[in-house]
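S.K.: One structure is given below, represented as structure tokens, and several questions about it will come after.
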Amino acid sequence: MSAAGVVVVGGGQAGFSVVQALRGAGYEGPVTVFADEPRLPYQRPPLSKKAHTEPEGLGVDLVPESFYRERDIDLRLGEYVAALDTAACAVTTGSGERVPYEHLVLATGARNRPLPVPGAELAGIHALRSLDDALTIGRALSTARDVVVVGGGFIGLELAQVARARGARVTVVELADRLLSRAVSPQLQEHLRERHERDGIRILTGTAVERIEGKGGQVHQVVTGQGPLPADLVVYGIGATPRDELAREAGLAVDDGVIVDEQLRSVSDPRVFAVGDCARHPHPHADGLIRLESVQNAMDQGALVGRRIAGGAAGPYESLPWFWSDQGPVKLQIAGLRASTDEVRVVPGDSDTLERLAAYAFRDERLVAVETLNWPAEHLAARRLLQQDPPVSPTDLAGSTLGALARARRTKEVRA
Amino acid sequence: MPIVIFELPDGTQRKVTADSGTVLMQAAVSNGVDGIVAECGGNASCATCHVYVDERHGELVGPPNDVEDEMLDFTAAERRPTSRLSCQVQVSDALDGLVVHIPEEQV
Ligand SMILES: Cc1cc2nc3c(=O)[nH]c(=O)nc-3n(C[C@H](O)[C@H](O)[C@H](O)COP(=O)(O)OP(=O)(O)OC[C@H]3O[C@@H](n4cnc5c(N)ncnc54)[C@H](O)[C@@H]3O)c2cc1C
Ligand code: FES
């Protein structure tokens, strides 16, 4: 039957989830994972939330090496897949080895958008994606005094807080008029800005970086639309693009991500799946196809594909999207998809300090997304309720929190 | 180093060595114990590392902290008196021989 087995390209969060689910569901064929980074697969979220100079200090391995060995998973660390031949059902590695597959899973993730300004090649300017990047930034923070963060998104704001905690003067430069402009509701954008400013982080919105200037090859200042900023370290996070070139070169449908159906199969080839940051997929909560960059999405998509290949029953992909970001003292969590909502209601979780907040977003009189600050219980209640029928209406939430509503519904269920 | 026993819903047990100074969730994940999902990597964000501490050891492990206590009301499997989020339980030598039960569902 299948001497060829499953080949997974990419050993990140999604690739790991695929092989964990495959073996968990009893798949017995050969499983090979190509992971071009030379170290054991790891989690990325801690990289921007802690600063360390030693890899052990971050403690980010997903599982130890024994996990793969005990499950007979051929983990090829430091090996890159260079080409995909869908007609012959085989991949070719960077060193020229051809490996056949019965099922192929693309879990190649995303890469950072480069900083498109003169001077971006100077020493002391870093983007953050890999563990190596995090260690480089962690070391640079030991001596940095003036840190400029380009991009007021999740990674930028997390890093700004890390740098501030290490004692640096920190300025965030954001091109849009608001922080996290697409990711959270305007009400929380304002709140987060105040929070970060209170912690001593300077925030310049509506400001473009024009160029970066150096001295002796080392970054010296960042020239912005509002004037120059001294800098001995620049970190930037201005978005990522999916690594979909293998699929594109093989002739599969690609549009800012590998296009897949509700089973997460390439729409061009049923033997090829794509999961995680590199996949553009349909979702019952979205208007069209979406591509998500989150741990939840990577884990749940990987698990679905692993179970499906193993022959376990698995319906369409419809997991509720959720996300978290720890920005210093602020834990921001999002459940659901916020796009095209028509009403946002902000509710305090504590009357005096406003340390805890929830923002309920409605569309056509039903709750579709919930953002919370420092309120994980409310986030969890949101995740339960967003997946239940009947949907939560604005009236249900008049004068109530989701936590209270979830408890009340649970009690009703128990009584019924 | 303390030995901790994870009991799966089907009754099978996994005995693992936990490092003092880490948390219980890490002992499970690094030994590939099924049923501890730990989506957020120990960040007290996801409640997918829920465990029931064995009744005999409830006092040894102690009660949840405030944030955890609230979160435990919304775990996938029912809450019980000895429910904890395993990423919030510090491992120490005192926990040697600890038995924890893994719930049916985490997500
Ligand atoms: C700094 C940082 C912080 C984050 N924080 C959060 C957070 O707080 N919460 C959250 O939900 N999400 C967060 N994310 C996003 C989350 O980490 C990603 O969505 C998730 O890792 C996606 O998993 P993936 O497997 O699709 O991609 P990745 O984890 O990126 O893994 C893809 C892997 O495939 C390898 N690869 C690519 N092409 C090839 C090839 N041809 N051959 C072999 N190997 C290949 C890559 O080198 C990489 O190791 C963060 C991301 C970053 C970078
Ligand atoms: S691992 Fe997420 S709450 Fe414990």
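S.K.: What residue, of A:Asp300, A:Asp287, A:Asp261, is of a type outside the set (A, V, I, L, M, F, W, C), within 30 Å of A:Val392 (Cα to Cα) and within 14 Å of chain B (Cβ to nearest Cβ)?
M.R.: Numbers: A:Asp287 fails: within 14 Å of chain B (Cβ to nearest Cβ); A:Asp261 fails: within 14 Å of chain B (Cβ to nearest Cβ).
Within the list A:Asp300, A:Asp287, A:Asp261, the selection yields A:Asp300.
S.K.: Which of the strands (runs of 3 or more DSSP E) found entirely inside segment A:92-152 contain at least 1 residues meeting this: closer than 17 Å to A:Ala240 by Cα and out of contact with any Cys (no Cβ under 7 Å at 6 or more places or on another chain)?
M.R.: Fully inside segment A:92-152 and qualifying: A:110-112, A:125-127, A:146-150.
S.K.: Here are the criteria: (1) part of a loop (DSSP other than H, G, I, E, B); (2) within 14 Å of chain B (Cβ to nearest Cβ); (3) under 26 Å from the mean Cα position of the chain (by Cα). Tell me which single one A:Glu79 does not satisfy.
M.R.: Going through (1) part of a loop (DSSP other than H, G, I, E, B); (2) within 14 Å of chain B (Cβ to nearest Cβ); (3) under 26 Å from the mean Cα position of the chain (by Cα) one by one, A:Glu79 breaks only (2).
For (1) aliphatic (A, V, I, L, M); (2) crowded, with 17+ Cβ neighbours inside 10 Å; (3) over 25 Å from A:Pro242 (Cβ atoms), each residue gets a yes or a no:
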position: A:Phe16; (1), (2), (3): no, yes, no
position: A:Val19; (1), (2), (3): yes, yes, no
position: A:Pro30; (1), (2), (3): no, yes, yes
position: A:Tyr42; (1), (2), (3): no, yes, no
position: A:Pro46; (1), (2), (3): no, yes, no
position: A:Ser66; (1), (2), (3): no, no, yes
position: A:Asp85; (1), (2), (3): no, no, no
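S.K.: Scan segment A:42-51 for residues that are closer than 20 Å to A:Val9 by Cα and not in a loop (DSSP other than H, G, I, E, B) and jot them down.
M.R.: A:Tyr42 - this is the single residue of segment A:42-51 that is closer than 20 Å to A:Val9 by Cα and not in a loop (DSSP other than H, G, I, E, B).
S.K.: Here is a follow-up. Looking only at residues in segment B:21-65 that are outside any loop (DSSP other than H, G, I, E, B), touching a helix residue (DSSP H, G or I) at 6+ places or on another chain (Cβ under 6 Å) and within 13 Å of ligand 2 (Cβ to nearest atom), which one is farthest from the other protein chains (Cβ to nearest Cβ)? Outline the logic, then answer.
M.R.: From segment B:21-65, those outside any loop (DSSP other than H, G, I, E, B) are B:23-30, B:50-53, B:55-61; that's our starting set.
From what's left, touching a helix residue (DSSP H, G or I) at 6+ places or on another chain (Cβ under 6 Å): B:23-25, B:51, B:53.
When the remaining residues are screened for being within 13 Å of ligand 2 (Cβ to nearest atom), the result is B:23-25, B:51.
Numbers: B:Val23: 10, B:Leu24: 14, B:Met25: 12, B:Val51: 16 Å.
Top of the filtered list is B:Val51.
S.K.: Which of the residues belonging to segment A:359-387 are free of Cβ contacts under 8 Å to residues at least 12 places away in the same chain and either more than 12 Å from chain B (Cβ to nearest Cβ) or among the charged types (D, E, K, R) (or both)?
M.R.: None; the set is empty.
S.K.: Next up: Being out of contact with any Ser or Thr (no Cβ under 6 Å at 6 or more places or on another chain), more than 13 Å from A:Ala358 (Cα to Cα) and either of a type in the set (Phe, Trp, Tyr) or surrounded by 12 or more Cβ atoms within 10 Å (Cβ to Cβ) (or both) narrows it down to one residue among A:Leu402, A:Leu380, A:Leu397, A:Leu386; which is it?
M.R.: A:Leu386
S.K.: So which residues in segment B:41-60 are under 18 Å from B:Met71 (Cβ atoms) and either at pLDDT 90 or above or under 10 Å from the mean Cα position of the chain (by Cα) (or both), if there are any at all?
M.R.: Passing the criteria: B:Gly42, B:Ala44, B:Ser45, B:Cys46, B:Ala47, B:Thr48, B:Cys49, B:His50, B:Val51, B:Tyr52, B:Val53.
S.K.: Does A:Leu62 satisfy the criteria of being near ligand 1 (Cβ under 10 Å from one of its atoms), hydrophobic (A, V, I, L, M, F, W, C), touching a Phe, Trp or Tyr at 6+ places or on another chain (Cβ under 6 Å) and farther than 22 Å from A:Leu246 by Cβ?
M.R.: Taking the combined requirement at face value, the residue satisfies it.
S.K.: Condition (residue is surrounded by fewer than 17 Cβ atoms within 10 Å (Cβ to Cβ) and of a type outside the set (Val, Ile, Thr)) applied to segment B:23-33: is it met by at least one residue?
M.R.: no
S.K.: Condition first: near ligand 1 (Cβ under 10 Å from one of its atoms) and either free of Cβ contacts under 8 Å to residues at least 12 places away in the same chain or within 14 Å of chain B (Cβ to nearest Cβ) (or both). Now tell me which residues in segment A:102-133 satisfy that.
M.R.: A:Leu131
Table: residues versus (1) within 10 Å of chain B (Cβ to nearest Cβ); (2) assigned to a helix (DSSP H, G or I); (3) touching a Ser or Thr at 6+ places or on another chain (Cβ under 8 Å).
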{"site": "A:Ala14", "(1), (2), (3)": "no, yes, no"}
{"site": "A:Leu22", "(1), (2), (3)": "no, yes, no"}
{"site": "A:Glu28", "(1), (2), (3)": "no, no, no"}
{"site": "A:Thr32", "(1), (2), (3)": "no, no, no"}
{"site": "A:Leu40", "(1), (2), (3)": "no, no, no"}
{"site": "A:Thr53", "(1), (2), (3)": "no, no, yes"}
{"site": "A:Val63", "(1), (2), (3)": "yes, no, yes"}
{"site": "A:Tyr68", "(1), (2), (3)": "yes, yes, no"}
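S.K.: Same structure again: So is A:Arg356 at pLDDT below 95, within 11 Å of another protein chain (Cβ to nearest Cβ) and touching an Asp or Glu at 6+ places or on another chain (Cβ under 7 Å) or not?
M.R.: Spelling it out, A:Arg356 is indeed at pLDDT below 95, within 11 Å of another protein chain (Cβ to nearest Cβ) and touching an Asp or Glu at 6+ places or on another chain (Cβ under 7 Å).
S.K.: State yes or no: is A:Thr136 modelled with pLDDT of 95 or more, under 21 Å from the mean Cα position of the chain (by Cα) and farther than 30 Å from A:Arg271 by Cα?
M.R.: On the way: modelled with pLDDT of 95 or more: yes; under 21 Å from the mean Cα position of the chain (by Cα): yes; farther than 30 Å from A:Arg271 by Cα: yes.
So A:Thr136 fits the description; yes.
The values are calculated or read from the model by the stated rules, or taken from the named source; none is laboratory data. No experiment lies behind these values; they were computed from the predicted model shown. Neighbour counts are summed over all protein chains in view; Cβ atoms, including those assigned to glycine, are modelled from backbone coordinates with ideal geometry.
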